[in-house]
Structures are given as structure tokens and as C-alpha cells.
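Here's the structure we're looking at; comments come further down.
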Amino acid sequence: MTHTHTDTHADTDADTHAAVTRATHAAVTRVAIDVTTAGLPAWLDPVAQAARSVRPQQLSRFLPPESGAGRQSAVLILFGDGPRGPELLLMERSGTLRSHPGQPSFPGGSLDPEDGDQATTGPLRAALREAEEETGLDPRGVQLFGVLPRLYIPVSSFVVTPVLGWWRAPSPVGVVDPAETARVFTVPVADLTDPANRATAVHPSGHSGPAFLVESALVWGFTAGVIDRILHYAGWERPWDRARQVPLDWRA
């Protein structure tokens, strides 16, 4: 009896998740997809300007394979106005996930066929859809204002399109599916630029990169690298001690 009950419960959860995913696809499909800087707050102008001119090589040394191989995906880099000024939306991935478990990240994921053309609006819809599925974000309150060059995550073979958004009409956010997301949180930009919160993360493999110690989390890897470059090219970066190292666990 117990075994049967467990299977039924799992099937119900799967059906519910599938229904939510279909509803999210439908909701995002109804949202007009447009990239515009009209009406942006002045403090976001440097980010929008950087997005128009930055080259892939200025963001990362890991670029998509010329062969076109890789899993097409997108992330939403969402800026909003918080109690302490400009802030950024992040989430912490569930520790049980196969890809990047327990790691803070931007909301995002793989493109689905329903998202449309991967060369045009597909990544935009995917970024909004995944953000809604993972955080409960209402995509109608998001204004997309820029798209960064596609980057590559070798360890998972993801080809990632970073999509920039302005949280024009904030909505409640939180964990939607604990199997995917451990928590959802915002980080003040002031904390990200504070030299006291910055360090160099060192992986057991020898790879090193920028890291941020904020909101009881260590943000590193792809997410930290993109944040680091945005702060730099937007002119927000403050001098910090690059010799300060934070070792990463071998499971990272």
C-alpha cells in the first residue's frame, strides 16, 4: 500500500508541475516581448550602455563553441529598487540538482521549443518563463532593456544568453519548487560593490574567479563572473583585494 501511495503522490506532483509549466508558458507567451530602455531609472543607464557595446571576450574567456554545440539557455539578470537602493534578484539552487547544486545563480534555464526562435525572442521568453517557474515572479512587471552576448559554461555545456531586466512593477517572489530552488533573495548593489564582500574563489581544479560573500551566500562561478563584469563596465566597481581567497569545496 505504501509503495502504491508513493507512486500516486509522485504522479500527482509530476502532473501538477507539468500543469504549472504549461500555465507559465501560456502566461509568458501572452506577455509582449520587447527590449527597450524607455523609462529606465537613470541609475541603470550605465548598464544599458555597457550592454550595447560590450564584446563577448570582455565578459568571459568561455565562449560558445563555433560548431554550434551546447544546450541553449538564458538567465534573467533582474535589477530592482529595494529598501537599500538598487538590488539584484538571485536564487539558490537546490542541493539535489545534478547541475550546479546548491549554487547561487540568476533565475534561468534551458530554452523550450515553445519559447520560439533561439536567435531572436526565444532567450527572452525563456528567461522570463524560467524566472516565473523558479521564483513566482510576475513577468508582466519586468521591462527587458538589454541582452548581453552569449556565453558558455563548459562544465554543463550550457550556451547562456544573459537577459537584462528592470523590475518596473515588483511582485512577490519565493521558492516555487523546493526540488529546484532552495531560496530566493535580493542583494543590494551596494553590497556587491563593497570591497569587504569581495574575494577570489579558488576551485580545487585550480580555476579561480571573482566571488561575492553576500546574504549568507557565496556567489561564485558563472553568476559571479557576470556580476563582476557588469559592475566593471557600468563603472560601479570599487577597488578590492584580489589576493583575498576563498577556497571552494571539492563538491562545488
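The values are calculated or read from the model by the stated rules, or taken from the named source; none is laboratory data. All of these numbers come straight from a predicted model, not from anything done at the bench. Here Cβ is always computed from backbone atoms with ideal geometry, including for glycine, and neighbour counts include all displayed protein chains. Ligands, DNA and RNA are excluded from the accessible area calculation, which covers all protein heavy atoms including side chains. Shrake-Rupley method; radii C 1.70, N 1.55, O 1.52, S 1.80 Å.
Can you check what the net charge comes to around residue 236, using other residues whose Cβ is under 14 Å from the Cβ of residue 236 (Lys, Arg +1; Asp, Glu -1)?
-3
If you roll a 1.4 Å probe over region 32-144 with all protein chains in place, what percent of the accessible area is carbon or sulfur?
48 percent
Tell me, what ³J(HN,Hα) does each residue in region 157-164 have, in order and in whole Hz, if you take phi through Karplus 6.51 cos²θ - 1.76 cosθ + 1.60 with θ = phi - 60° and put x for Gly and Pro?
Coupling constants for region 157-164: 6, 7, 9, 10, 9, x, 10, 8 Hz.
So, R0 is 45 Å and r is the distance between the beta-carbons of residue 66 and residue 168; what FRET efficiency does that work out to, to 0.05?
Plugging the Cβ-Cβ distance into 1/(1 + (r/R0)^6) gives 0.75.
Find the accessible area per residue for region 113-196; the probe is 1.4 Å, ligands and nucleic acids are left out, and the unit is Å².
38 Å²
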